[in-house]
Amino acid sequence: MAARGKTVRGQDAWLRFADEAGQVLRPPRARTWSRRGHPPRVTVRAAGSGRISLAALVCRRPGHRTRLVFRMLVHHGRKSEKKGFRERDFALLLEAAHQQLGGPIVLVWDNYTHHVDATMRELIGRRSAWLTVFRFPSYSPDLNPAEGVWAHLKRSLGNLAPCSTDELAGLVRTRLKRMQYRSGLLDGFIAETGLIAGQP
């Protein structure tokens, strides 16, 4: 992938794929084993308006193991709480990833409103010394390895019935932290897109 006339490898940059997701108390449906004619039922107490919002970066750099950086917002339905990630939150996530991993960043993400508006363009412009941004074509989630992170996460949450938003947040955080130590799994998410993990 070219960036300002240079490849990611030539810049010795981190290629980072970004995406957001959310989860409420109602768990995703999942398959399981049971006696014939006796489908299992999971009782869910999904009252209230609490939910969690997630943002993640799948990070690849030649000669380094693939990394996952994520942030989570927990909202319990209170008026004072953020309902999701905004432009400044994305900028802080990118800065944290830059400080944690070092090196220039080539970011690839979708055309979500908060990724393309004037505020985000200004925030990106202030970080142009180390940040170059590309956008996926419209309606192309199959090209984003971060979608694999969400699919894997939601499969692991299937048929679970947390009692509170905080308990759900704890489960999600634990599963994402486990993924951070499984670089082979993250490479698999990249491979599913048709990209070659060793040759960005």
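The values are calculated or read from the model by the stated rules, or taken from the named source; none is laboratory data. Everything quoted here is computed from the prediction, not taken from an experiment. Methodologically, a virtual Cβ is constructed for each residue, glycine included, from the backbone with ideal geometry; neighbour enumeration extends over all protein chains shown.
Residue pairs whose Cβ atoms lie under 8 Å apart, separated by 6 or more positions or on different chains, with the first residue in segment 122-136 and farther than 15 Å from HIS98 by Cα and touching a residue at least 40 places away in the same chain (Cβ under 8 Å) and the second of a type in the set (Val, Ile, Thr) and surrounded by 17 or more Cβ atoms within 10 Å (Cβ to Cβ), are PHE134/VAL106; PHE134/VAL108. For segment 107-163, the set of residues classified as of a type in the set (Phe, Trp, Tyr) and either out of contact with any Gly (no Cβ under 9 Å at 6 or more places or on another chain) or not in a loop (DSSP other than H, G, I, E, B) (or both) consists of TRP109, TYR112, PHE134, PHE136, TYR139, TRP150, listed by residue number. Checked against (1) of a type in the set (Lys, Arg); (2) without any contact (Cβ under 8 Å) to a residue 12 or more places away in the chain; (3) touching a Leu at 6+ places or on another chain (Cβ under 8 Å), ARG175 passes all but condition (2).
Can you go through ARG60, ARG71, ARG86, ARG65 and tell me which one is over 15 Å from the mean Cα position of the chain (by Cα) and touching a residue at least 12 places away in the same chain (Cβ under 8 Å)?
Details: ARG60 fails: over 15 Å from the mean Cα position of the chain (by Cα); ARG71 fails: over 15 Å from the mean Cα position of the chain (by Cα); ARG86 fails: over 15 Å from the mean Cα position of the chain (by Cα).
Checking each option against the conditions leaves just ARG65.
Residues in segment 146-174 that are among the basic types (Lys, Arg) and surrounded by fewer than 16 Cβ atoms within 10 Å (Cβ to Cβ) were compared, and the one that is nearest to ARG51 (Cα to Cα) is ARG173. Tell me, yes or no, whether segment 185-198 has at least one residue that is polar (S, T, N, Q), within 29 Å of GLY63 (Cα to Cα) and surrounded by 14 or more Cβ atoms within 10 Å (Cβ to Cβ). Within segment 185-198, one or more residues are polar (S, T, N, Q), within 29 Å of GLY63 (Cα to Cα) and surrounded by 14 or more Cβ atoms within 10 Å (Cβ to Cβ).
Of all the residues that make up segment 75-105, how many are surrounded by fewer than 16 Cβ atoms within 10 Å (Cβ to Cβ) and of a type in the set (A, V, I, L, M, F, W, C)? Quick ask: steps written out before the conclusion?
Of segment 75-105, the ones surrounded by fewer than 16 Cβ atoms within 10 Å (Cβ to Cβ) are 76-84, 86, 88, 92, 95-96, 99-100, 102-103.
Still in the running and of a type in the set (A, V, I, L, M, F, W, C): 92, 96.
Residues flagged as surrounded by fewer than 16 Cβ atoms within 10 Å (Cβ to Cβ) and of a type in the set (A, V, I, L, M, F, W, C) within segment 75-105 amount to 2.
For segment 149-195, residues that are basic (Lys, Arg) and more than 18 Å from VAL69 (Cβ to Cβ) total 2. When SER49 is tested against the conditions (1) touching a strand residue (DSSP E or B) at 6+ places or on another chain (Cβ under 9 Å); (2) assigned to a loop (DSSP other than H, G, I, E, B); (3) modelled with pLDDT of 75 or more; (4) of a type outside the set (A, V, I, L, M), the lone failure is (3). Restricting ARG173, ARG155 to those that are modelled with pLDDT of 90 or more and of a type in the set (Lys, Arg) reduces the list to ARG173.
For LEU186, the criteria (1) out of contact with any Ser or Thr (no Cβ under 8 Å at 6 or more places or on another chain); (2) closer than 26 Å to ARG51 by Cβ hold in every case but one, which is (1).
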